[in-house]
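Notes follow once the structure below has been shown.
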Amino acid sequence: MELNGNSLKAASAAICERQGFDYLVVGAGFAGSVLAERLARGLGMRVLLVDKRPHIGGNAYDRYDDHGVLVHPYGPHIFHTNSAEVFDYLSQFTPWRSYEHRVLASVDGQLVPLPINLDTINTLYGMNLNSFEMEQWLASVAEKKDAIRTSEDIVVSKVGRELYNKFFRGYTRKHWGLDPSELDASVTARVPTRTNRDNRYFADTYQAMPLHGYTRMFEKMLDHPSIKIMLNTDYREVVDVVPWSHMIYTGPIDAFFNFRHGKLPYRSLRFEHRNLSCEHFQPVGTVNYPNDNGYTRISEFKRITGQSHATTSIVYEYPCADGDPYYPVPRPENAALYKRYEQDADELENVAFVGRLASYKYYNMDQVVGQALATYKRLRKRHESGAPLALPRLEGNRAVVASP
């Protein structure tokens, strides 16, 4: 639903007659949509969900391209989790297709498994190691570090300098625009090294894709009479027009406070989508290019979704400094800057900050859902306790909670 101009005024007048909305939810991605659904269906709250994009689903939004192939416009989104609670919650809104993501890396003219495993080493070096021998080999090439502080430290301490240069340094420099020696260890700590032949990218208990796509899942999640949706709308356009009592904010936390302490750094991505007149383009869902080309990876959507189609659609990912915020840059000075915004947020009684951008953390999809469900539980306790509901308003560039 998109409201503008006179229609917005008419809607606002009608809302006033019903005392407005209990919650204004900013952002229709995972965090905002899960909380909108829980507040409406779980607590009977009236929810207005606002997003500046023309669609729901945030970065997980998918659609059929002009050739009829289901694609992810914002790059591939692979669902995986170890949380039964998260998986069971989402299962209310979609059946699943079992899918284990596999990634190859283009290194030394060969496609080898990533994360590094036994086959990766044997293929690259023409060896025939077993798991025990690979452990010994890795120990022989690893560089001992007294302290692990950076992404470079964590990789070279596990697999040595040569594998670091082949798989990690170039990819990281392209992706982050920084050398791994300048980044927190958490960046590369996410990628394991295996001494067996397990070539799955993730090892989580639940690995699956929504059978009919993410957008269909979001549509079912938000299909409730107490949820109203406004797209193509910046929340600042309606925050002083539509009555509301509480806010869930899932956008960039620095933007909420009008960058009062400075701008939090992000890395962005540029996507180049192509459709090819062949059944398949590559052997797995994603191929990484750590050292060659300007792009970091190519993903083929049919490999991920399981769709049958005469053609195939792929996407090239080019990291860049400008554009939509995707990846918080994990450096100590950025964490310190975020803490200043977090302190401001903690002072706002009736505004909850949820999600990747609001938390300035690189959360996986399941982690965002888990954070949203945990936030809902806290809000439910507050409502069940009968605490007075104050009415927040925006004064200048920050939200202020009026006395009840």
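The values are calculated or read from the model by the stated rules, or taken from the named source; none is laboratory data. Because the structure is a prediction, the values reported are computed rather than measured. Glycine also receives a Cβ, built like all others from the backbone with ideal geometry; neighbour counts cover every protein chain displayed. SASA here: full protein model, heavy atoms, side chains in, ligands and nucleic acids out. Shrake-Rupley method; radii C 1.70, N 1.55, O 1.52, S 1.80 Å.
Six or more apart or on different chains, Cβ under 7 Å: which pairs go from a residue in the range 125-148 that's touching a residue at least 24 places away in the same chain (Cβ under 8 Å) to one that's among the small types (Gly, Ala, Ser) and open to solvent by less than 70 Å² (accessible area, probe 1.4 Å)? Could you list them?
Ile148/Ser157; Ile148/Ala185
Can you pull out every residue in the range 321-361 that is surrounded by fewer than 17 Cβ atoms within 10 Å (Cβ to Cβ), over 30 Å from Leu43 (Cβ atoms) and within 18 Å of the chain's Cα centre (by Cα)?
Within the range 321-361, Ala321, Asp322, Gly323, Asp324, Tyr327 meet the criteria.
Among the numbered criteria (1) part of a helix (DSSP H, G or I); (2) among the small types (Gly, Ala, Ser); (3) in contact (Cβ under 8 Å) with a residue 24 or more places away in the chain, which single criterion is violated by Ser299?
(1)
Can you name the number of the only condition in (1) surrounded by fewer than 21 Cβ atoms within 10 Å (Cβ to Cβ); (2) without any contact (Cβ under 8 Å) to a residue 60 or more places away in the chain; (3) hydrophobic (A, V, I, L, M, F, W, C) that Ile314 fails?
Tallying (1) surrounded by fewer than 21 Cβ atoms within 10 Å (Cβ to Cβ); (2) without any contact (Cβ under 8 Å) to a residue 60 or more places away in the chain; (3) hydrophobic (A, V, I, L, M, F, W, C), Ile314 fails exactly one: (1).
Look at the range 176-223 and say how many of its residues are open to solvent by 30 Å² or more (accessible area, probe 1.4 Å), touching an Asp or Glu at 6+ places or on another chain (Cβ under 6 Å) and not in a helix (DSSP H, G or I).
Residues in the range 176-223 being open to solvent by 30 Å² or more (accessible area, probe 1.4 Å), touching an Asp or Glu at 6+ places or on another chain (Cβ under 6 Å) and not in a helix (DSSP H, G or I): 3 in total.
Every residue, every condition in (1) farther than 27 Å from Tyr318 by Cβ; (2) touching a helix residue (DSSP H, G or I) at 6+ places or on another chain (Cβ under 8 Å), yes or no:
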{"site": "Trp137", "(1), (2)": "yes, yes"}
{"site": "Tyr171", "(1), (2)": "no, no"}
{"site": "Asp198", "(1), (2)": "yes, no"}
{"site": "Met217", "(1), (2)": "yes, yes"}
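So that you can scan it fast, the table gives a plain yes or no per residue for (1) among the basic types (Lys, Arg); (2) more than 23 Å from Thr375 (Cα to Cα); (3) free of Cβ contacts under 8 Å to residues at least 60 places away in the same chain:
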{"site": "Asn232", "(1), (2), (3)": "no, yes, no"}
{"site": "Asp240", "(1), (2), (3)": "no, yes, no"}
{"site": "His246", "(1), (2), (3)": "no, no, no"}
{"site": "Tyr249", "(1), (2), (3)": "no, no, no"}
{"site": "Ala255", "(1), (2), (3)": "no, no, yes"}
{"site": "Tyr266", "(1), (2), (3)": "no, yes, no"}
{"site": "Phe271", "(1), (2), (3)": "no, yes, no"}
{"site": "Cys278", "(1), (2), (3)": "no, yes, yes"}
{"site": "Phe281", "(1), (2), (3)": "no, yes, yes"}
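Which residue, of Leu111, Leu124, Leu90, is touching an Asp or Glu at 6+ places or on another chain (Cβ under 9 Å) and either open to solvent by 30 Å² or more (accessible area, probe 1.4 Å) or closer than 30 Å to Glu279 by Cβ (or both)? Reasoning before the result, please.
On the way: Leu111 fails: touching an Asp or Glu at 6+ places or on another chain (Cβ under 9 Å); Leu90 fails: either open to solvent by 30 Å² or more (accessible area, probe 1.4 Å) or closer than 30 Å to Glu279 by Cβ (or both).
Selected residue: Leu124, the only one of Leu111, Leu124, Leu90 that is touching an Asp or Glu at 6+ places or on another chain (Cβ under 9 Å) and either open to solvent by 30 Å² or more (accessible area, probe 1.4 Å) or closer than 30 Å to Glu279 by Cβ (or both).
Filter the range 58-80 down to the residues that are of a type in the set (A, V, I, L, M, F, W, C), within 20 Å of Met221 (Cβ to Cβ) and either open to solvent by 50 Å² or more (accessible area, probe 1.4 Å) or outside any loop (DSSP other than H, G, I, E, B) (or both) and list them by number.
Ala60, Leu70, listed by residue number.
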